[in-house]
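Peer 1: The structure's right below; bear with me while I get my questions together.
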2 protein chains.
Amino acid sequence: MSTEKPLQADLLIHAKWILPVVPAGTVLEDHAVAIRDRKIVAITASKDTQSSISATASIHLNQHALIPGLVNVHGHSAMSLLRGIADDIPLKQWLEQAVWPIENKFVSAEFVRQGANLAIAEMISSGTTCFADMYFFPDEVARAALDANIRVQLASPVLDFPTVWAQDAEEYIYKATELHDNYRNSELVHTAFGPHAPYTVSDQPLMKISTLAEELDVPIHMHVHETAQEVEEAVQTDGRRPLQRLAELGLLSPRLICVHATQLLDTEIELLAAHGASVAHCPESNLKLASGLCQVAKLLDAGVNVALGTDGCASNNDLDMFSEMRCAALLAKIVAADASALPASQALELATINAARALGLDAVIGSLETGKYADITAVNLDRLNTMPLYNPVSQLVYAAQASQVSHVWCGGRLIFEEGELKTMDRGSIRKSVMAWQQKIEQAR
Amino acid sequence: MSTEKPLQADLLIHAKWILPVVPAGTVLEDHAVAIRDRKIVAITASKDTQSSISATASIHLNQHALIPGLVNVHGHSAMSLLRGIADDIPLKQWLEQAVWPIENKFVSAEFVRQGANLAIAEMISSGTTCFADMYFFPDEVARAALDANIRVQLASPVLDFPTVWAQDAEEYIYKATELHDNYRNSELVHTAFGPHAPYTVSDQPLMKISTLAEELDVPIHMHVHETAQEVEEAVQTDGRRPLQRLAELGLLSPRLICVHATQLLDTEIELLAAHGASVAHCPESNLKLASGLCQVAKLLDAGVNVALGTDGCASNNDLDMFSEMRCAALLAKIVAADASALPASQALELATINAARALGLDAVIGSLETGKYADITAVNLDRLNTMPLYNPVSQLVYAAQASQVSHVWCGGRLIFEEGELKTMDRGSIRKSVMAWQQKIEQAR
């Protein structure tokens, strides 16, 4: 029995299992997480809490695993309104004949706000507490995230050509810096530069972004080597593979998040490792669009930080990080021709600490550690599909459904509990989604 | 208004969408299925039912899709008790160091019965109404299936070597024919021969099985070309690839279900097509054990019947046919390097009519058609992850979770409703599973 003064806490969450992710592979049984002022202040054996912690409230989750809130490293939240609108067709046709015409017709501040609401509601319900988002009207996504109390990093889009959001690269970049200024002191809203891809952004804006990203200390979030075709076309027109061009422009650094990266030479893997760049792996999207296979085990072995994302709903078709973890773990094995590649505990790292690292937020989220924000997801493992239980990490990655998420806290605030969104109104989301569906269907 | 006498029905299920699977690609909106004496007697527009159908009971599923009950073409149900016991290791090590030692120690009639109960409960909860099963003590699985009112085809195992179930090939085959005799008149329980694999069953028993299968009119269910290693070893020891040997032994016919088939030459694909053999595709298992990639689109193009299975829980780790359909559809695209390969509606065929065809049961199940058994699964699509809805098949395959299954009927009998098993006791299943978990953990 300790004679020290008990630690004060707002909330004490007791759980059958806690998987803090850091230190790697740790499984704590019958432990509790203590939260005060939005942060984790202690993780300790449940039996010791009575003497050591004085909590205002407590909750007992006797069949559950606590994991860090999942971090979805790449998506386009508003595109949730286009879920399933065009399946089973190649990327080029999907973009040019399906997605872009609809976007040109419908994307607006309202579309983005309501699409983001749908995406955020789905993400919270499936245990995600932080997401990176690349889309037009990022200020709308910021407001939606703040209202819902979920963490976001907005990769403000940059393109050479005009869209409803900006006229030219200069204006896109201006809006990105303006967004950054507006949220520089926010705990929940972070920003990044989101130059769309090497084939849509020219050298001048990329160099400017490189300089500004360093000044503002934010990531550069970019689709890189998604398909073989884009790499070949670059070689034909520019004489270089896109990554080589980015390297020569000085963009390779720990700030760079290369989304997809399904086409990498061994020398390019070394290049990414040497510069500390991250890869955002979106396996379901890569498969669905037949884009290519990311060499996850090889990247990890080389020391590259690989993080997990769902991509947008139009190419996935959901924002379920559980099915994404499973897909990543399964796929990595066949790609590496090694059944021991990307084991379950490492797949969970891709969706938590590695994703936080890619976003530059690993000092504050991505694991359950004292001092970090209390971004926590509870998963009820007392289900037919997750029994018996020899290993909770295995159940989470290979057997659990996202619907087993029972509680979600973001910054210590309960935002989801037993099927109920605590900060959002499901009915009004549903209503606005139905209205968009009708409008979009009529226009097809 | 019809002046004919109304059709009598026990139950009328109205649904927002009906996907009968046959005719291919059909989506019926606001239709109803009428059931009498375990079978479907009509499918008609809901608005016409008042005049044409007189039903004892009716149910309205206004946000739901009705699909044929899913047919899981390959598994080892009792192995559900070993879910997650050994992950992230190669097939050989997985079998020799993890699975076989535990099986040798624990497999018994009781183990099989209680393992099958767990598997059946999970399958029913996730919309499966028929499964093929290859494991020892198949008579126990038969009894479990009858009690739960689920359809099963028992691939009675045959091996050259002794196990707890039989001493030699002769005894295995005798037990398979005995099982067939016991259930020859059952509507729910069907049988097949389950010679484990070319490398575990020698020529004599295979020829005997071939003859008996034809006499008894039942399938031959066999692991074939699961890994490159087994094919290479056969070439070294026998001078032939296993499929060539099976062909020469006369086993290739519409009765043959080749499980996995990840290693196929183009000539072998032609051979399977020419003989009308089926392939049981288990994508999650193939990925998890890094066994290889089944060329699904190529097989289908060649006219081979490809059906979908989960494999056992020890290599998957669940019996969720929704995640399996999604995995199959996604994976087929990258294997074919074609985003239009295995579209959603075809993935649903693999899990329904094609699976029924492989089992020789397509005259009675596998689609929602008048005259077939009323094996029906209802999926509630009014969830955040399945809205908006432009295409119900797309939502089912690419976005739905198995937990959205709301109702399951097998032979017209309601066996699952809104989370509740109607023919099984979840509490007693849980209790027996916990007991096995404890025993197995203590022995490790």
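The values are calculated or read from the model by the stated rules, or taken from the named source; none is laboratory data. Just so it is clear, the model here is predicted, and its values are computed rather than measured. Cβ placement follows ideal geometry from the backbone for every residue including glycine, while neighbour counts extend to all protein chains displayed.
Peer 1: Every residue in region A:62-104 that is surrounded by fewer than 20 Cβ atoms within 10 Å (Cβ to Cβ), more than 13 Å from every other protein chain (Cβ to nearest Cβ) and at pLDDT 95 or above, please.
Peer 2: A:62
Peer 1: Kindly indicate whether any position in region A:76-91 is within 30 Å of residue A:108 (Cα to Cα) and touching a strand residue (DSSP E or B) at 6+ places or on another chain (Cβ under 6 Å).
Peer 2: The answer is yes, given that some residue of region A:76-91 is within 30 Å of residue A:108 (Cα to Cα) and touching a strand residue (DSSP E or B) at 6+ places or on another chain (Cβ under 6 Å).
Peer 1: Follow-up. For residue B:311, work out the one condition from (1) at positive phi; (2) surrounded by fewer than 24 Cβ atoms within 10 Å (Cβ to Cβ) it doesn't fulfil.
Peer 2: Every listed condition holds for residue B:311 apart from (2).
Peer 1: Kindly evaluate residue A:380 against the criterion of being touching a Ser or Thr at 6+ places or on another chain (Cβ under 7 Å) and within 30 Å of residue B:102 (Cα to Cα). Give the derivation first.
Peer 2: Values: touching a Ser or Thr at 6+ places or on another chain (Cβ under 7 Å): yes; within 30 Å of residue B:102 (Cα to Cα): yes.
Criteria met by residue A:380.
Peer 1: Moving to a separate point now. So, residue A:56, is that one surrounded by fewer than 20 Cβ atoms within 10 Å (Cβ to Cβ), hydroxyl-bearing (Ser, Thr, Tyr) and more than 14 Å from chain B (Cβ to nearest Cβ) or not?
Peer 2: Yes: the conditions hold for residue A:56.
Peer 1: Okay, moving on. Tell me, which residue of region B:41-55 that is part of a strand (DSSP E or B) and more than 32 Å from the chain's Cα centre (by Cα) is nearest to residue B:16 (Cα to Cα)?
Peer 2: B:53
Peer 1: Then there's this: If residue B:246 meets every condition in (1) assigned to a helix (DSSP H, G or I); (2) farther than 25 Å from residue B:71 by Cβ apart from one, which number is that one?
Peer 2: Residue B:246 satisfies all of (1) assigned to a helix (DSSP H, G or I); (2) farther than 25 Å from residue B:71 by Cβ except (2).
Peer 1: Output the number of the condition that residue A:8 fails; it satisfies all remaining conditions of (1) farther than 26 Å from residue A:347 by Cα; (2) touching a Pro at 6+ places or on another chain (Cβ under 6 Å); (3) polar (S, T, N, Q).
Peer 2: (2)
Peer 1: Scan region A:276-325 residue by residue and report those that are of a type in the set (A, V, I, L, M), farther than 18 Å from residue A:132 by Cβ and within 14 Å of chain B (Cβ to nearest Cβ).
Peer 2: The answer is A:287, A:289, A:290, A:293, A:296, A:297, A:300.
Peer 1: Looking only at residues that are surrounded by 12 or more Cβ atoms within 10 Å (Cβ to Cβ) and of a type in the set (S, T, N, Q) in region A:416-444, which one is nearest to residue A:148 (Cα to Cα)?
Peer 2: In this case the residue turns out to be A:423.
Peer 1: I'd like to know if region B:311-326 contains one or more residues that are in contact with a Cys (Cβ under 7 Å, 6 or more places away or on another chain) and farther than 20 Å from residue A:93 by Cβ.
Peer 2: Taking every residue of region B:311-326 in turn, at least one turns out to be in contact with a Cys (Cβ under 7 Å, 6 or more places away or on another chain) and farther than 20 Å from residue A:93 by Cβ.
Peer 1: Right, another one. Take the residues of region B:4-40 that are assigned to a strand (DSSP E or B) and among the β-branched types (Val, Ile, Thr): which is surrounded by the most Cβ atoms within 10 Å (Cβ to Cβ)?
Peer 2: The residue in question is B:13.
Peer 1: Out of all the residues in region B:282-298, which are buried (at least 24 other Cβ atoms within 10 Å of the Cβ) and assigned to a helix (DSSP H, G or I)?
Peer 2: Scanning region B:282-298 gives B:283, B:284, B:285, B:286, B:287, B:288, B:296.
Peer 1: Right, something else. If you go through region A:227-242 one residue at a time, do you hit one that is basic (Lys, Arg) and under 21 Å from residue A:157 (Cα atoms)?
Peer 2: no
Peer 1: Okay, moving on. Could you list, in sequence order, all residues of region B:68-102 that are touching a residue at least 60 places away in the same chain (Cβ under 8 Å), farther than 30 Å from residue B:127 by Cα and among the charged types (D, E, K, R)?
Peer 2: Listed by number, the list holds a single entry, B:92.
Peer 1: Checking the structure you have, find out if any residue of region B:329-352 is in contact with a Gly (Cβ under 7 Å, 6 or more places away or on another chain), crowded, with 23+ Cβ neighbours inside 10 Å and more than 12 Å from every other protein chain (Cβ to nearest Cβ).
Peer 2: yes
Peer 1: Hey, does region B:417-424 have a residue that's more than 25 Å from residue B:325 (Cα to Cα) and within 13 Å of chain A (Cβ to nearest Cβ)?
Peer 2: yes
Peer 1: Please specify each residue of region A:208-229 satisfying the condition of being outside any strand (DSSP E or B) and either in contact with a Leu (Cβ under 9 Å, 6 or more places away or on another chain) or outside the structural domain of residue A:278 (by TED's automatic domain parsing) (or both).
Peer 2: A:209, A:210, A:213, A:218, A:219, A:225, A:226, A:227, A:229
Peer 1: Run residue A:364 past the list (1) out of contact with any strand residue (DSSP E or B) (no Cβ under 6 Å at 6 or more places or on another chain); (2) away from every other protein chain (no Cβ under 13 Å); (3) within 21 Å of residue A:73 (Cβ to Cβ) and report the number of the one that doesn't hold.
Peer 2: (1)
Peer 1: Counting only residues that are crowded, with 24+ Cβ neighbours inside 10 Å, out of contact with any helix residue (DSSP H, G or I) (no Cβ under 6 Å at 6 or more places or on another chain) and within 20 Å of residue B:12 (Cα to Cα), how many does region B:379-409 have?
Peer 2: 2
Residue by residue, here is whether (1) over 14 Å from residue A:61 (Cβ atoms); (2) in contact (Cβ under 8 Å) with a residue 40 or more places away in the chain; (3) in the same structural domain as residue A:30 (by TED's automatic domain parsing); (4) hydrophobic (A, V, I, L, M, F, W, C) holds:
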residue: A:364; (1), (2), (3), (4): yes, no, no, yes
residue: A:367; (1), (2), (3), (4): yes, yes, no, no
residue: A:379; (1), (2), (3), (4): no, yes, yes, yes
residue: A:389; (1), (2), (3), (4): yes, no, yes, yes
residue: A:394; (1), (2), (3), (4): yes, yes, yes, no
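A quick yes/no check of all residues on (1) of a type in the set (A, V, I, L, M); (2) over 25 Å from residue A:237 (Cβ atoms); (3) not assigned by TED's automatic domain parsing to the domain that holds residue A:135:
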position: A:161; (1), (2), (3): no, no, no
position: A:169; (1), (2), (3): yes, no, no
position: A:177; (1), (2), (3): no, yes, no
position: A:181; (1), (2), (3): no, yes, no
position: A:184; (1), (2), (3): no, yes, no
position: A:192; (1), (2), (3): yes, yes, no
position: A:203; (1), (2), (3): no, no, no
position: A:206; (1), (2), (3): yes, no, no
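Peer 1: Somewhere in region A:262-270, is a residue within 14 Å of another protein chain (Cβ to nearest Cβ), in a loop (DSSP other than H, G, I, E, B) and more than 19 Å from the chain's Cα centre (by Cα)?
Peer 2: Within region A:262-270, one or more residues are within 14 Å of another protein chain (Cβ to nearest Cβ), in a loop (DSSP other than H, G, I, E, B) and more than 19 Å from the chain's Cα centre (by Cα).
Peer 1: Wholly within region A:113-200, which strands (runs of 3 or more DSSP E) include no fewer than the required count, namely at least 3 residues that are in contact (Cβ under 8 Å) with a residue 40 or more places away in the chain and not aliphatic (A, V, I, L, M)?
Peer 2: The strands (runs of 3 or more DSSP E) meeting that bar are A:128-133, A:189-195.
Peer 1: Then there's this: Go through region A:426-444 and report how many residues are free of Cβ contacts under 8 Å to residues at least 40 places away in the same chain and either small (Gly, Ala, Ser) or more than 10 Å from chain B (Cβ to nearest Cβ) (or both).
Peer 2: 5
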